[in-house]
Amino acid sequence: MPRAIACWRWAVNTRNTLRTIRAETTLENNKMSTHLSTEQLLHAYQVMRTIRAFEERLHVEFATGEIPGFVHLYAGEEASAAGVMAHLRDSDCIASNHRGHGHCIAKGVDVHGMMAEIYGKKTGVCGGKGGSMHIADLEKGMLGANGIVGAGAPLVAGAALAAKLKGTDDVAVVFFGDGGSNEGAVFEAMNLAAIMNLPCIFVAENNGYAEATASNWSVACDHIADRAAGFGMPGVTIDGYDFFAVHEAAGAAIERARSGQGPSLVEVKLTRYYGHFEGDAQTYRAPDEVKNLRETRDCLMQFRQRTTRAGLLSEAQLDQVDAQVEDLIEDSVRRAKSDPKPQPADLLSDVYVSY
Ligand SMILES: Cc1ncc(C[n+]2csc(CCOP(=O)(O)OP(=O)(O)O)c2C)c(N)n1
Ligand SMILES: [Mg+2]
């Protein structure tokens, strides 16, 4: 089948599948069908709840002045990280941006090590030398958060090329924002991935703003996903408040990449609950914008309502996850605060890679 037709068919099929999911998961009829097991559903909820609790606690702790550097919170966007990462294994690589905590947690990076890293402590996953914007854990396939907007895309193209040359069926996923979607590095990586038929997935998390600039002002087309056509790859736009929609679309794109059919672009539409960075006064947002979205669209709220009303999970099971996550976050903050700082001599280690 010619490539353009194959791409178009994939996009149409994905859209149809998503329409089906939305119809089946409407709250009005309380019906829902999913092929996910109880264990997988609980894991998805646990990932989303951990990200939310981690970020909400950081919001409080950052205000005390104890955390060095900048912090960009991911709260509100949890369904994207959880929905994509549910399909990945440790040997699959991801690269993130400055808003990377959620991607790290969903990829399985240790929460204690992350909290210590953000506090700049020696026990952090990068020895306290990276901080919030440079958390990386190669054993988990987390190539790194990244302070340079759009810079994860070429890294992921490289990881996908490595997987292809080694003959594994690993895939590589990059997360970038609506702002990042305008970067030349992202276009170059998408072009390379298409030319070389690399197992790459480009996930554009469109939260409506790049710093204070609204995406409907800065992005020249209606949907970031539409840009995929320019690279001959499929693109789809997904409701990022809906874990199941993200899970389905990401699953199709990842399966496509794993089976050697090449890259895809998945645009996930969502919002961030906090400012661009901690301390942002957000004067560019309508007063009730976040409040309304939290009350009507929140991904955790929707997940709980749908799974309990459909009899897939019980309130008690979900409450138990909430309690476990609360303990984990409490413990991680307590430990991070009392852990030792790196010493001056630590500056001389981790400079070069040891082969
Ligand atoms: C190459 C580059 N240009 C500009 C910046 C400054 N900057 C940091 S974050 C950001 C906005 C990114 O917005 P988006 O990609 O939509 O991600 P979001 O913050 O919304 O998650 C900008 C312009 C940067 N860090 N790197
Ligand atoms: Mg954005």
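The values are calculated or read from the model by the stated rules, or taken from the named source; none is laboratory data. Because the structure is a prediction, the values reported are computed rather than measured. For neighbour counting, all protein chains shown are included, and Cβ atoms are generated from backbone atoms with ideal geometry for every residue, glycine included.
Within region 251-274, residues that are among the small types (Gly, Ala, Ser) have Cβ atoms under 6 Å from residues that are crowded, with 24+ Cβ neighbours inside 10 Å and assigned to a loop (DSSP other than H, G, I, E, B) in these pairs: ALA257/VAL171; ALA257/PRO199; SER264/MET233; SER264/PRO234, counting only partners at least 6 apart in sequence or on another chain. I'm trying to understand the selection: among the residues of region 151-186, which are within 16 Å of ligand 2 (Cβ to nearest atom), within 21 Å of MET85 (Cβ to Cβ) and surrounded by fewer than 23 Cβ atoms within 10 Å (Cβ to Cβ)? The answer is ALA151, ASP178.
Checking every residue in region 212-222 against the condition of being more than 15 Å from ligand 1 (Cβ to nearest atom), over 19 Å from VAL149 (Cα atoms), in contact (Cβ under 8 Å) with a residue 24 or more places away in the chain and surrounded by fewer than 24 Cβ atoms within 10 Å (Cβ to Cβ) gives zero matches. Right, GLN305: outside any loop (DSSP other than H, G, I, E, B), away from ligand 1 (no atom under 15 Å from the Cβ) and either in contact (Cβ under 8 Å) with a residue 40 or more places away in the chain or touching a helix residue (DSSP H, G or I) at 6+ places or on another chain (Cβ under 8 Å) (or both) or not? Against the criterion (outside any loop (DSSP other than H, G, I, E, B), away from ligand 1 (no atom under 15 Å from the Cβ) and either in contact (Cβ under 8 Å) with a residue 40 or more places away in the chain or touching a helix residue (DSSP H, G or I) at 6+ places or on another chain (Cβ under 8 Å) (or both)), GLN305 qualifies. Remark: pairs (first residue in region 44-57, aromatic (Phe, Trp, Tyr); second residue surrounded by fewer than 23 Cβ atoms within 10 Å (Cβ to Cβ); Cβ separation under 7 Å; 6+ apart in sequence or on different chains) = TYR45/LEU318; TYR45/VAL321; PHE54/VAL111; PHE54/ILE329.
Could we say that ASN197 is in a loop (DSSP other than H, G, I, E, B), more than 24 Å from TYR74 (Cα to Cα), at pLDDT 95 or above and more than 15 Å from ligand 2 (Cβ to nearest atom) here?
Against the criterion (in a loop (DSSP other than H, G, I, E, B), more than 24 Å from TYR74 (Cα to Cα), at pLDDT 95 or above and more than 15 Å from ligand 2 (Cβ to nearest atom)), ASN197 qualifies.
Given the options GLY235, GLY208, name the one that is away from ligand 1 (no atom under 16 Å from the Cβ), within 21 Å of the chain's Cα centre (by Cα) and more than 23 Å from GLY108 (Cα to Cα). Sole residue among the options that is away from ligand 1 (no atom under 16 Å from the Cβ), within 21 Å of the chain's Cα centre (by Cα) and more than 23 Å from GLY108 (Cα to Cα): GLY235.
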